[in-house]
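Inspection log for the structure reproduced underneath, given as structure tokens.
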Amino acid sequence: MTRGRAALLLAFGAVWTVAAWLLWRSSLPAYHLPYLDEHVLFPAHALQRAQHYSSVEDLFWLAKTITQLVVLGFFARYGVRWTRESAAGPIGTGMLLGMIGFALVWAAELPFAVLDVWWRHRYGLSGSYVQATVGNWFALGAQFVLLCVALAIVMGLARARGMGDRWWLPTAPVFVGLRILLAFVTPWLLGGSAFHAPYVAALERTEHVRVPVRVLSGFSEPNAFATGLGASRRVFLWKPIVEPPFAPRMDRFVLAHELGHLAHNHIWKSIGWYALFAFPLAFALAVATQRRGGMGVAAAVPLAILVYVVVQLVELPLQNVVTRHLEAEADWSALRATHDPAAGRQLFRLFASQTLEDPNPPGWDYVFLQNHPTLLQRIEMTRHYARDAP
């Protein structure tokens, strides 16, 4: 490594660290959660059901991930042979290889999608075999289009005159810009019906956020999310969460949580974190594909897809740390807005029986799969607020 490149990486690392520190800052107080025992908080039958259901879901995820890596490993090794069958140019051939890799991953994951529906049905949860196999072509088509656009951007920049292996520097900002565009446009595409409740206006005044609140039908599980930027900011509630057994006090807490995301600019912060992860990912792709001639060459695409998935898997624990931090701040914001820790506690206990989420999952599950604080941690926060908060 040359001195110039070493200096560049050192400077980038310093900027990355400062940016991460700025993004990490939050309104969360310094606190230590009290220890609680899930066996005391949750009924034995409900806890056993949630733990058994989640443990098998974990096995499905492990098997699917390993299968995906094996399939992509073979594709990275032998996929270059398809370049000989293509009469398209480098970018067109790269898109062809991307399509083949996409199809191989879909075929490898299909058995696990079917198994997941079967397992959900065993526990009384919704799921469609048709949707898991052939009924989701629109979403698959959208993912494929995004893959082709991504390959066209990356390969186009990599082939630009004078760019060489430095293509990753302008590529990351391009994808950050696309992420901002999607975050701005998506809320207007979701629809939904207006949600009216007597506590909405009071919560908006408390959180200093006034946005449309919409209810989305077509879902069988309770959930909610906040999204959008500027004029497109919205809160969406999945219909089951505004119906029994969820009481109005719980819905008030849920809405306060989502408004907390917007009040603390979590959408912008998420985009900022996306940018911080995008630069190392693009750099890893540039380094890894040099042996195949760089990303301007179609033969590098199979290897690039494998490297992309591996880097995403490696980054996953850190990404989960970030999202758990944002979710914890939104929980704290909801507690401060409602002053109703009992409603939050009841809500999180109900989630265990309604969604079969393990309140206290194994360590590896927490690291790789939990992008929210565990239900036990969230209940512990309500206890802390009730005990120590003013």
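Values quoted throughout were computed directly from the atomic coordinates according to the rules given, and no laboratory measurement underlies them. In this text the structure is predicted, and so the values were computed from the model without any measurement. As a convention, Cβ positions derive from the backbone with ideal geometry for all residues, glycine included, and neighbour counts pool all protein chains shown.
Dividing the Cα radius of gyration of the range 65-184 by its Kirkwood radius returns 1.06 for Rg/Rh.
Note on Arg249, Arg234, Arg161: ascending count of other Cβ atoms within 10 Å places them as Arg161, Arg249, Arg234, the fewest first.
Determine the shape class of the range 263-387: with a ≥ b ≥ c the square roots of the Cα gyration tensor eigenvalues, call it rounded for a/c under 1.5, and otherwise prolate if a/b is greater than b/c, oblate otherwise. Cα axes put the range 263-387 in the prolate bin. In a solvent-free Debye calculation with one equal scatterer on each Cα, what is log10 I(q)/I(0) for the range 130-229 at q = 0.11, 0.14, 0.17 Å⁻¹, listed in the order of the q values? With no solvent term, the Cα-only Debye profile gives -0.59, -0.82, -0.97.
Of all DSSP bridge pairs formed entirely within the chain, close to 60 percent run antiparallel. Counting 0.36 nm for each residue step from Val185 to Asn265 and taking away their Cα separation leaves a gain of 27.1 nm.
Quick check on the range 206-263: take the gyration tensor over C-alpha atoms, sort the square-rooted eigenvalues as a ≥ b ≥ c, and tell me if it's rounded (a/c under 1.5), prolate or oblate. Note, shape of the range 206-263 comes out oblate. Length gained on full extension, Ser26 to Trp106, computed as 0.36 nm times the residue gap minus the Cα-Cα distance: 24.9 nm.
Shown here are the Rg and Dmax of the Cα trace of the range 250-328, at 17.6, 56 Å.
For helix 3-24, report the angle its Cα long axis makes with the longest principal axis of the Cα atoms of the chain; keep it between 0 and 90° and round to the nearest 10°. On a 0 to 90 degree scale, this one is about 20.
A crude spin-label estimate for the pair Trp118 and Leu10, with each label 7 Å from Cα along the Cβ direction, gives 5.7 nm. Using the Cα atoms of the range 2-113 to build a convex hull, what is its mean projected area in square nanometres? That works out to 14.4 nm². Here the gap between Phe74 and Asp165, fully extended at 0.36 nm per residue and compared with their Cα-Cα distance, gives a gain of 30.2 nm.
Rounded to the nearest 10 degrees, the inclination of helix 168-190 to the longest alpha-carbon principal axis of the chain is 40 degrees.
A simple spin-label model places pseudo-atoms 7 Å from Cα toward Cβ; at Asp37 and Glu243 they are separated by 3.7 nm. Note on Ile66 and Arg387: the model spin-label points, each 7 Å out from Cα along the C-beta direction, lie 4.1 nm apart. Over the chain, the alpha carbon radius of gyration divided by the compact-protein estimate 2.2 N^0.38 Å works out to 1.08. Compared with the dominant Cα axis of the chain, that is its longest principal axis, helix 137-158 is turned about 50°.
For the peptides 268-276, 198-206, 352-360, 10-18, the ranking by packing is 352-360, 268-276, 198-206, 10-18, with the highest mean count of neighbouring Cβ atoms within 10 Å listed first.
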